[in-house]
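A.B. asks: This is the structure, below, for whatever I ask next.
The values are calculated or read from the model by the stated rules, or taken from the named source; none is laboratory data. Just so you know, these numbers come straight off a predicted model, no measurement behind them. Please note: Cβ atoms are built from the backbone with ideal geometry, for glycine as well, and neighbour counts cover all protein chains shown. For accessibility, only protein heavy atoms count, side chains too; no ligands or nucleic acids. Shrake-Rupley method; radii C 1.70, N 1.55, O 1.52, S 1.80 Å.
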Amino acid sequence: MQKLREGGFLVSKIKQVSGRIFDRKLKEHQITDLNTGQGRIIFSLWQKDQVPISELVVQTALSKTSLTSMLDRLEQADYITRKIDANDKRKIIVSLTQKSKSLKEQYEAVSHEMISVFYEGLSEQEIDRFEKTLNHILLRLSKYEEDYK
């Protein structure tokens, strides 16, 4: 009989607990109107601004419907703008506003705090192996999802 594995369950629990801690830390840094998912969108745009929604779907791993509703709220709160691509009218380009750009330093401080909590007690080698394993699992799941469509 095959041993029951808990990897997916543990990853899900880690996501829930770390999300709650991350939201608390955002509040400690006076970032009160962004949740974890919205922060993921803003973080992605800090890496590369002015991207089509289809690219944000890939970068954030959010479904298009979830992403669209989050973008609505981010646009209402003046964190992003959406404009039709001048070269391709079918594409909508998402861009950061000055308001979201001004949060980058505070948000990075929160991220560094989370990294410290997350990896406390692990060696660099253990962290590297862990992240390599997670990337492998993510690649496998992404491929499965794509093949399943």
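A.B. asks: What are the residues in segment 43-94 that are over 22 Å from residue 22 (Cβ atoms), of a type in the set (Lys, Arg) and surrounded by 14 or more Cβ atoms within 10 Å (Cβ to Cβ), if any?
C.D. replies: Matches in segment 43-94: 82, 91.
A.B. asks: Okay, moving on. Residues of segment 44-60 being aliphatic (A, V, I, L, M) and within 13 Å of the chain's Cα centre (by Cα), which ones?
C.D. replies: Of all residues in segment 44-60, those aliphatic (A, V, I, L, M) come to 45, 51, 53, 56-58.
Selection gives 45, 56, 57, 58.
A.B. asks: Restricting to segment 2-42, name every residue that is open to solvent by less than 50 Å² (accessible area, probe 1.4 Å) and aliphatic (A, V, I, L, M).
C.D. replies: Residues satisfying the conditions are 21, 26, 31, 34, 41, 42.
A.B. asks: Something else about it: Can you pull out the residues in segment 127-149 that are farther than 15 Å from residue 7 by Cα, open to solvent by less than 100 Å² (accessible area, probe 1.4 Å) and not acidic (Asp, Glu)?
C.D. replies: Those that are farther than 15 Å from residue 7 by Cα, open to solvent by less than 100 Å² (accessible area, probe 1.4 Å) and not acidic (Asp, Glu): 127, 142.
A.B. asks: Return the pairs, sorted by first residue and then second, in which the second residue is open to solvent by 80 Å² or more (accessible area, probe 1.4 Å) and assigned to a helix (DSSP H, G or I), the first residue lies in segment 44-65 and is within 12 Å of residue 93 (Cβ to Cβ) and among the polar types (S, T, N, Q), the beta carbons are less than 9 Å apart, and the residues are 6+ apart or on different chains.
C.D. replies: 54/64
The rows are residues; the columns are (1) under 17 Å from residue 110 (Cα atoms); (2) polar (S, T, N, Q); (3) assigned to a helix (DSSP H, G or I); (4) within 16 Å of the chain's Cα centre (by Cα).
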position	(1), (2), (3), (4)
5	no, no, no, no
10	no, no, yes, no
21	yes, no, yes, yes
30	yes, yes, no, no
38	yes, yes, yes, yes
42	yes, no, yes, yes
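A.B. asks: All but one of (1) part of a helix (DSSP H, G or I); (2) in contact with a strand residue (DSSP E or B) (Cβ under 9 Å, 6 or more places away or on another chain) hold for residue 109; which doesn't?
C.D. replies: The single condition residue 109 does not satisfy is (2).
A.B. asks: Could you list, in sequence order, the residues of segment 105-120 that are among the acidic types (Asp, Glu), open to solvent by less than 90 Å² (accessible area, probe 1.4 Å) and farther than 16 Å from residue 40 by Cβ?
C.D. replies: Just the residues of segment 105-120 that are among the acidic types (Asp, Glu), to begin with: 105, 108, 113, 120.
Pick out the ones that are also open to solvent by less than 90 Å² (accessible area, probe 1.4 Å) and you get 108, 113.
Across segment 105-120, the qualifying residue is only 113.
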